[in-house]
Each structure stands twice: as C-alpha cells, then as structure tokens.
Amino acid sequence: VMAPRSKTLATTTLLLSRTLVFSATTAVVASRSISRASAFSSVSSSSFPRRSRFPIPPSSSLLSSSSTTIRRASSSSFLHLRGGGNVGGGDDSTHPKKGSAVSFSNTSDEEDEPRTGWLHNTEPKYYTPASSTSPDESPAMKRLLIEKMKDYRNHRIINPPAIHPCGDNKRMMVTEHKIAVPLYHPDLEMAASASTPASDEIVTLDRVTGAYGSNDAFESKPTIDVYFTIIELLSNTGDERFYRSLANLNLSPRQRAELYLQQTKGGDNNDSSSSSIDPSRMMLYLQGGPGFGCAAPVSGLSLASSKSSWAASALFGDITNVDGQTFQRVVLMDQRGTMGGSSPVTKQRLQKLFPDLFLLDDNDDAAGESAQLQLARAKVSKAVEDATEYLARFRADSIVRDAEWIKDALIAKPTSLLATMEEPAENSSPRPWGAALGQSFGGFCLMTYLSSITHPPKLCLLTGGIAPMNTPVREVYDRLWLRVKERNLRYYEQYPGDVAVVKRIVRRLLLPESDPTQPPARLPSGGILTARRFLQLGLGLGGSPGAAFANLHSIVNSAFMDDDDDELSAAFLKRIDYEQSFDDAPLYFLLHESIYADGPSSGATNWAAHSSYEQYASSNPEFDYRTTTAEESALPTMFFGEMVFPWMADGDFDGVSGHGMKSLAEALAHKNDWAPLFDASNMRAALLGRSGGNSKSKAASATYYDDMYVDFNCAMKLLQRGAPLEGTKVWITNEYQHSGLRDDGAAIVCKLVGMAKGAVHVPS
C-alpha cells in the first residue's frame with residue numbers, strides 16, 4: 001500500500017486507514033512495509049557539516065546499521081512539537097529536494113515538494129496537529145504508530161524471571177530487561193536548538209509520547225540498548241500466576257515483555273482498563289560511575305531480609321512514597337555504555353563503529369609523508385571527530401532521558417498508549433517516578449534530572465552525590481588531592497608496616513626506567529604494571545576503613561614471591577587486573593572528567609587531575625612518588641585517588657591504549673563545547689516551586705563529611721539558602737564514608753525518605 005508519488009498521498013493514506021480498520025494484522029504488516037520503505041529514503045548527508053555525521057551503532061531495532069547516519073539538527077532546523085509548534089526555523093533552500101526520510105519518496109517530477117521530517121523546517125503536507133480530525137489521525141493510524149513504536153523500542157525480557165527467597169516467608173522476582181533507546185533523544189536536541197549559542201542555560205520542554213512530536217520521526221533514528229533489572233515482591237496467588245506465565249520457555253524475549261506489560265500485578269489480569277504498572281510505586285536506582293553497571297540482585301545487592309539492603313527495605317514496605325503507598329518495584333538501570341548489560345562502550349565496540357580510528361595503531365611512529373600515510377591520518381582525524389561527538393551522548397543528560405524512556409515503556413499498555421495519544425499532550429497527566437536514588441555519580445544524574453526533566457521523580461534521594469556545580473574542574477581536583485592525602489595517612493596509621501612494602505613495590509616497578517635490561521611487569525590482560533598504575537589502587541581508599549583499607553592491605557602484601565627477592569607473584573598481577581577494570585569499562589577513563597564539564601563556560605577539562613598532580617608534585621615532595629620511594633626518604637608514598645591520566649593510554653592499560661584510543665581521549669579532554677548539565681533556576685523550581693507554586697519533588701541528601709570523592713565544602717555551597725538545592729533536606733555525617741549505601745543502605749535510605757517527607761526532624 002505504498003504510493004509511488006507523494007501527490008497521491010492523501011488518497012493512499014485514506015485507503016490505508018480504512019484497510020487497517022478491518023484487521024490488526026494488516027496494521028502490523030503495513031507497519032513493516034512502511035519501515036522497510038523508510039530505510040530506502042534516507043536523507044543524503046552531503047549537505048550537512050562533517051562533524052555532525054555518525055556511524056550507527058549495532059541495534060536490534062528496525063534501523064539499518066550499515067548505511068544510515070544520524071545528524072545533529074543545525075540552527076536552521078526544528079522538531080515538531082505535539083500541537084504543531086516548532087523550535088527554530090530557516091530557509092529550506094539549502095537542502096536537496098529529496099523525499100521524506102520518514103515515509104513516501106518523491107520522484108524527479110516533484111522537485112517543488114518540500115523536504116520534511118526531523119531535520120527540516122517545513123511540515124509535511126500530510127502533517128496535522130494532534131487535535132485535528134484529519135483522516136490521518138484515525139484510530140487505525142494511531143494503532144499503526146503504536147506498533148511501530150513498539151518495534152522501535154524493542155522491549156525484551158531476555159531471560160525467564162528468577163525467584164529468590166527473602167525471609168519472612170516471602171519471595172522476590174527478578175526480571176532482566178533490555179530496551180532500545182534513541183542514541184540522541186529528540187527533546188534533548190530540541191532543547192539544545194532552543195538555547196542561544198554558547199549558553200549554559202538548560203531549556204526544559206514537555207516530552208510527548210515517545211519523545212517524538214511527529215508520528216513518523218522516530219523510525220530513522222539510531223538506537224542503543226539499555227539493560228535494566230526489575231525486582232518485585234511476590235505476595236499473593238495472582239503474583240504466582242504472573243510468574244508462571246513469564247517463566248514459559250516457549251516465549252520469545254519480546255513476547256515475554258509484552259506479557260509482562262499486559263498483566264496487572266496482584267490484580268485481575270483480564271482488566272485491560274487499568275494500567276499494569278504504577279510509576280508512583282516504582283523506585284529508580286542510578287548507580288555511580290560513569291561506566292559501571294548496577295550491582296546484581298542477590299549477589300551484589302542482598303534481598304535476604306528487609307534490613308539487608310535499601311532495595312529490600314523499599315519492597316518490604318519500610319519506606320513509602322509521598323502518598324504513603326508502598327513501593328512495588330525497584331528498577332536498577334545500567335546506564336548507557338556501561339559494562340553491565342547495556343550496549344557497552346569498549347575498545348572492541350569502538351573498533352566496529354569507527355574502524356578508521358585504529359588505522360595507525362600498528363604504525364603509530366610511521367615516518368614520512370607518503371600519500372597513503374596522509375590519507376590514513378586524515379581518516380583517523382575524521383574518525384576521532386565522529387567518535388568524540390558519539391561519546392558526548394553518554395553523559396547525564398542522555399542517561400536521565402533513558403530513564404524516562406524506560407518508564408514510559410513500562411507504564412504504556414497498548415490500550416492506555418492509544419488513549420494518551422487521543423488527548424493533547426498538554427492535557428495528559430504527568431506520571432513521574434515515585435522515587436529515585438542516586439549514589440555518587442547517580443546523584444549527579446539526579447541533579448540533571450531536576451534541571452532538565454519537566455516532571456522529575458517525586459522523591460529524590462542522594463547519597464554522596466552532590467556534584468560540585470559552579471566549581472571549575474581544575475579546582476575540583478586541587479581539592480581532591482588534599483583529601484586523598486588524608487586518606488593515605490589514615491591507611492598507613494592502620495597498617496604502618498605497609499609504608500615499607502609500598503616503597504619496595506614502587507622501586508621494583510621503576511627499575512625498567514633506569515635499567516633497560518629489566519623487563520616491565522606484564523599483566524595477564526596485556527597491560528603493563530608501572531609504578532603509576534600500581535598507585536592507582538588508591539581509588540578504593542574512599543570506602544569504609546574496615547573493608548577498603550583491609551582490601552588494599554591484602555593486595556600489597558601479596559606482591560612478592562619471597563621476602564628476600566623482588567620477583568612479583570602471579571597472584572598479585574592477576575589481582576591488579578581484577579581490581580582495575582578500565583580495560584572493560586573505558587567509558588570511565590574517557591568521560592570521567594567530563595562529568596564536571598557543565599556547559600560551554602566550563603571549557604575543556606584538559607586532564608585536570610594530571611595537571612593538578614604535576615603542580616603538587618613539583619612543589620611538595622609528599623606527592624612525588626619518585627621522591628618518597630628513595631632510600632633516604634622517610635615520607636610515605638601516596639596512592640592516587642579517583643583520577644584519570646593521559647598516560648593510561650600509553651600501554652599501562654591495554655584496553656585504552658594505542659594511537660586511536662589515545663587520540664580519542666585527547667580529543668575529549670580538549671573538547672570545549674560540552675552541553676550544560678545543571679540549571680540552578682530549574683532545580684530550585686522543581687524543589688521549591690516557581691512563583692509560589694507547589695514543588696514537583698521532595699529531596700534529601702546524605703552528605704558525608706569525610707567523603708574522599710565528593711568535596712564536602714563544594715556540596716554545602718549548593719545546599720545553603722538561596723542555592724540551587726536549598727529545597728533539599730541534608731543529613732551531614734562522618735559515621736559513613738562514600739560507601740555508606742553499600743555498608744548500611746537500609747538505614748540510610750529510610751532516614752532520607754523520612755527527612756524528605758518531613759517525618760524525621762533532620763536537620764534539627
């Protein structure tokens with residue numbers, strides 16, 4: 001049912017609409033037909049700036065992974081808003097006259113037909129606002145869109161659910177989900193295009209169904225997979241039947257997800273009028289990082305009893321939402337690109353997406369200016385540019401939109417989604433998360449949530465997660481080095497014998513620099529254990545002393561085969577690889593400093609931790625490990641902290657080394673046009689209300705006085721009166737370190753929820 005020319009569009013659409021009324025099966029077939037046709041009408045990229053074209057990552061959605069490219073909207077383009085509004089504008093004459101990348105293609109005798117869709121400034125002739133009574137808006141067409149959106153999201157439950165006993169004669173069900181999310185969320189691009197150039201302001205825009213304003217805008221957009229786990233309590237026979245239906249091994253992952261959304265947990269499964277999942281009774285967890293997945297339920301997050309973890313406490317009813325209802329589900333989301341279950345950003349993945357990035361890895365020192373070498377360098381340069389822009393989409397602004405995308409998919413049953421689409425977006429009731437818990441970097445993400453999402457979670461709980469907003473990135477690391485020094489001194493106070501052992505290890509690892517006959521210490525992963533890499537073990541010193549200090553002590557004392565020689569033990573080398581997972585999670589290395597880059601005014605990060613260290617080491621011998629390991633020095637050797645360095649790509653870590661990875665890391669370090677992550681006005685409005693209005697969120701923070709990773713003074717600047725987070729109840733304590741949520745999560749979260757709801761009188 002595809003028309004060869006867009007002049008016959010209205011007739012064809014009407015026929016399609018009537019045909020779809022007769023059969024839901026026809027709607028699915030038409031959906032697939034339109035999807036296939038869309039793949040053949042992609043817009044040429046030749047008229048757009050080179051920097052805005054990206055390879056499409058592998059996806060299990062409808063998208064073509066071999067030829068389609070994604071482009072950032074230029075200042076002259078706009079996105080449709082539901083209701084026909086737009087952002088931006090401009091003359092379309094610069095674009096080639098091709099058919100829409102969305103549905104029907106034009107032929108050569110229709111040169112006057114304007115280009116349409118996501119990138120262009122002219123509405124398609126068949127586009128009408130949501131309130132229109134046009135035949136294009138028939139129920140059949142809306143059902144067709146629903147099927148297409150379901151295909152695009154590609155929601156799957158990848159394994160049958162697992163059941164775990166959790167005490168008190170109760171059991172927990174754990175389901176593992178994957179969903180395709182847009183690589184670049186349209187409302188994020190829309191907000192960016194609405195901002196003035198080089199602005200740090202965040203423009204918040206109401207999200208429409210699926211984050212797309214036009215019915216066909218999503219099909220040509222590339223996706224990546226995001227993995228999330230849902231934990232829920234089985235409490236009655238209806239829940240048991242629910243579990244048994246999902247455990248059917250004959251179901252495909254897509255079918256299992258469809259069944260999960262169609263059933264009403266603990267209720268009448270045949271009641272199609274009620275939503276199966278209530279977002280106000282879900283708690284979202286945002287983990288620390290960036291680059292690492294969530295702890296796995298049971299093995300990494302205990303469910304043994306209500307006091308065994310914050311998640312168990314939430315599901316056992318120890319805490320409730322703002323309406324006094326218990327939480328039915330906890331959602332653990334592995335952030336995009338992490339080493340959990342989401343499409344991971346690894347060296348292997350980057351080699352597939354950007355093969356030209358690695359052309360010079362085996363010829364890094366090639367001399368001469370041959371034509372072949374010049375061409376290779378040009379290709380590498382282009383790949384570095386593209387990969388840099390690609391990775392810029394893996395920060396907090398995209399992560400919080402992924403969370404919204406997941407929530408929208410979970411709460412939208414086919415019937416309820418259709419009902420939502422039949423109403424104007426401005427009349428649909430907001431349905432935010434009931435609560436969100438952000439640990440460390442996850443707390444930074446919650447601040448971005450409050451800054452840029454119109455309806456953030458109703459309860460925002462932050463544990464060691466106040467970002468040093470308004471503090472220059474270099475100052476962040478200048479402060480960090482002083483806190484790291486203090487943690488080192490406390491470690492050596494607890495294990496004074498390790499002062500000499502650490503010096504001995506560092507001297508052994510420095511030998512190849514002074515004696516070329518001494519081979520470097522090769523690790524099983526292929527990396528090299530240098531003195532500087534060994535000292536990066538200090539990254540873990542910010543945990544509770546009982547666990548963090550003891551762990552480092554055990555590593556240090558396993559270093560040598562014998563007491564009377566300097567041969568390193570194989571067990572020690574394996575342990576180093578296990579403790580330092582940058583090879584598996586290069587996103588941490590590549591993007592860690594960018595979490596402090598808040599808009600264009602922040603400028604480039606420029607390896608801030610490294611430059612700060614160089615200054616400290618040159619002016620204070622306490623920080624220079626070459627000085628402190630000298631035989632005559634009585635000073636202890638300082639471990640490093642939560643920092644990344646340019647030399648990590650020089651062979652120390654095989655997974656981030658080589659010409660391509662090093663060039664990419666340098667490009668990210670010198671990128672100076674980062675998008676803003678935080679907005680003081682929007683945060684205050686969300687927590688305190690705007691112009692006397694009601695607040696949208698209640699928030700509480702556990703702020704650790706001795707936190708090695710998050711500066712206490714920088715955090716307090718944002719929590720005082722008149723500051724962005726003034727509306728956050730703050731609990732200041734030195735009873736816990738940064739690992740408090742892992743050490744005593746149930747008690748901490750219960751206290752924070754009570755504070756946020758006014759049931760606990762803290763601050764006093």
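Quickly run through segment 639-662 and pick out the residues that are assigned to a loop (DSSP other than H, G, I, E, B) and open to solvent by less than 30 Å² (accessible area, probe 1.4 Å). Let's see the steps before the verdict.
Taking segment 639-662 and keeping what is assigned to a loop (DSSP other than H, G, I, E, B), we get 639-645, 650-653, 657-658.
Hits for segment 639-662 are F639, F640, G641, E642, M643, V644, F645, G651, D652, F653, S657, G658.
Kindly indicate the residue of segment 282-301 that is in a loop (DSSP other than H, G, I, E, B) and closer than 20 Å to R329 by Cβ and also least open to solvent (accessible area, probe 1.4 Å) among those meeting that condition.
Filtering segment 282-301 for residues in a loop (DSSP other than H, G, I, E, B) gives 287-296, 298-300.
In the following step, the residues that additionally are closer than 20 Å to R329 by Cβ were identified as 287, 293-296, 298-300.
Values: Q287: 8, G293: 24, C294: 27, A295: 51, A296: 48, V298: 70, S299: 104, G300: 48 Å².
Step by step, filter segment 282-301, then rank; the result is Q287.
Being open to solvent by 40 Å² or more (accessible area, probe 1.4 Å), in contact (Cβ under 8 Å) with a residue 12 or more places away in the chain and not hydroxyl-bearing (S, T, Y): is that true of R377 here?
Details: open to solvent by 40 Å² or more (accessible area, probe 1.4 Å): yes; in contact (Cβ under 8 Å) with a residue 12 or more places away in the chain: yes; not hydroxyl-bearing (S, T, Y): yes.
Yes, satisfied.
When you scan segment 509-518, do you find a residue that is among the β-branched types (V, I, T), at pLDDT 95 or above, surrounded by fewer than 19 Cβ atoms within 10 Å (Cβ to Cβ) and over 28 Å from T338 (Cβ atoms), even just one?
Quick first cut of segment 509-518, residues among the β-branched types (V, I, T) only: 517.
This time we only want the ones that are at pLDDT 95 or above, so: none.
Within segment 509-518 (the criterion being among the β-branched types (V, I, T), at pLDDT 95 or above, surrounded by fewer than 19 Cβ atoms within 10 Å (Cβ to Cβ) and over 28 Å from T338 (Cβ atoms)), the answer is no, since none of the residues qualifies.
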Given the conditions (1) in contact with a helix residue (DSSP H, G or I) (Cβ under 7 Å, 6 or more places away or on another chain); (2) modelled with pLDDT of 95 or more; (3) open to solvent by less than 10 Å² (accessible area, probe 1.4 Å), and given that T338 satisfies all but one, which numbered condition is not satisfied? (2)
Filtering segment 302-317 down to residues that are assigned to a loop (DSSP other than H, G, I, E, B) and surrounded by fewer than 24 Cβ atoms within 10 Å (Cβ to Cβ) yields S302, A304, S305, S306, K307, S308, F316, G317
Of the conditions (1) surrounded by fewer than 17 Cβ atoms within 10 Å (Cβ to Cβ); (2) in contact (Cβ under 8 Å) with a residue 40 or more places away in the chain; (3) hydroxyl-bearing (S, T, Y), the single one that Y709 does not satisfy is (1)
How do the pairs read when you match residues in segment 459-474 that are at negative phi with residues anywhere that are of a type in the set (K, R), using Cβ under 7 Å and keeping only pairs 6 or more apart or on different chains? L459/K698
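Name the single residue, out of those in segment 352-374 being part of a helix (DSSP H, G or I) and touching a residue at least 40 places away in the same chain (Cβ under 8 Å), that is nearest to the chain's Cα centre (by Cα). Write out each step before concluding.
To start, the set of residues in segment 352-374 that are part of a helix (DSSP H, G or I) comprises 352-353, 355-358, 371-374.
When the remaining residues are screened for being touching a residue at least 40 places away in the same chain (Cβ under 8 Å), the result is 352-353, 357-358.
Numbers: K352: 21, L353: 19, L357: 23, F358: 25 Å.
Within segment 352-374, the match that is nearest to the chain's Cα centre (by Cα) is L353.
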I'd like to verify a number: residues in segment 663-676 that are at pLDDT 95 or above, over 13 Å from L391 (Cα atoms) and either surrounded by 19 or more Cβ atoms within 10 Å (Cβ to Cβ) or among the β-branched types (V, I, T) (or both), how many? 1
Could you check segment 555-589 and list, in sequence order, the residues that are open to solvent by less than 50 Å² (accessible area, probe 1.4 Å) and among the hydroxyl-bearing types (S, T, Y)? S558, S569, S581, Y588
Residue set D168, D109; condition at pLDDT 50 or above and either open to solvent by less than 40 Å² (accessible area, probe 1.4 Å) or over 20 Å from I224 (Cα atoms) (or both); output residue D168
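Give the residue, chosen from P600, P586, that is in contact with a Ser or Thr (Cβ under 9 Å, 6 or more places away or on another chain) and within 18 Å of G527 (Cα to Cα).
Only one candidate qualifies: P586.
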In this structure, does D386 turn out to be at pLDDT 95 or above, touching a strand residue (DSSP E or B) at 6+ places or on another chain (Cβ under 8 Å), open to solvent by 10 Å² or more (accessible area, probe 1.4 Å) and assigned to a helix (DSSP H, G or I)? yes
Could you pull out the residue among I179, I163 that is surrounded by fewer than 21 Cβ atoms within 10 Å (Cβ to Cβ), at pLDDT 80 or above, in a strand (DSSP E or B) and out of contact with any Pro (no Cβ under 9 Å at 6 or more places or on another chain)? I163
Any idea which of (1) touching a residue at least 40 places away in the same chain (Cβ under 8 Å); (2) of a type outside the set (F, W, Y); (3) assigned to a helix (DSSP H, G or I); (4) open to solvent by 60 Å² or more (accessible area, probe 1.4 Å) is the one P524 doesn't satisfy? (3)
Neighbours by Cβ (under 8 Å, 6+ apart or cross-chain): first from segment 595-624, within 17 Å of K485 (Cα to Cα); second of a type in the set (A, V, I, L, M) and open to solvent by 50 Å² or more (accessible area, probe 1.4 Å): P621/L635; E622/L635
Kindly indicate whether any position in segment 480-501 is open to solvent by 10 Å² or more (accessible area, probe 1.4 Å), at pLDDT below 95 and among the hydroxyl-bearing types (S, T, Y). no
Of all residues in segment 148-159 being surrounded by 19 or more Cβ atoms within 10 Å (Cβ to Cβ), touching a helix residue (DSSP H, G or I) at 6+ places or on another chain (Cβ under 6 Å) and not basic (K, R), the one that is farthest from T229 (Cα to Cα): M149
Just name the residue that is least open to solvent (accessible area, probe 1.4 Å) out of those in segment 677-697 that are without any contact (Cβ under 8 Å) to a residue 40 or more places away in the chain and hydrophobic (A, V, I, L, M, F, W, C). A685
Selection within segment 715-764 - under 24 Å from S305 (Cβ atoms), free of Cβ contacts under 8 Å to residues at least 24 places away in the same chain, in a loop (DSSP other than H, G, I, E, B) and among the charged types (D, E, K, R): E735
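Being under 29 Å from the mean Cα position of the chain (by Cα) and either buried (at least 18 other Cβ atoms within 10 Å of the Cβ) or outside any loop (DSSP other than H, G, I, E, B) (or both) is the filter here; which residues of segment 605-638 pass it? Before you say what the answer is, go through the steps one by one.
Within segment 605-638, the first condition is being under 29 Å from the mean Cα position of the chain (by Cα), and the residues that meet it are 605-613.
T605, W607, A608, A609, H610, S611, S612, Y613 - these are the residues of segment 605-638 that are under 29 Å from the mean Cα position of the chain (by Cα) and either buried (at least 18 other Cβ atoms within 10 Å of the Cβ) or outside any loop (DSSP other than H, G, I, E, B) (or both).
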Check segment 243-264 and report whether any residue there is open to solvent by less than 20 Å² (accessible area, probe 1.4 Å), in contact with a Lys or Arg (Cβ under 8 Å, 6 or more places away or on another chain), part of a loop (DSSP other than H, G, I, E, B) and modelled with pLDDT of 90 or more. no
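The values are calculated or read from the model by the stated rules, or taken from the named source; none is laboratory data. All values derive from a computational prediction rather than experimental measurement. Note that we place each Cβ from the backbone using ideal geometry, even for glycine, and neighbour counts take in every protein chain shown. Just the protein is used for accessible areas: all its heavy atoms, side chains included, with ligands, DNA and RNA removed. Shrake-Rupley method; radii C 1.70, N 1.55, O 1.52, S 1.80 Å.
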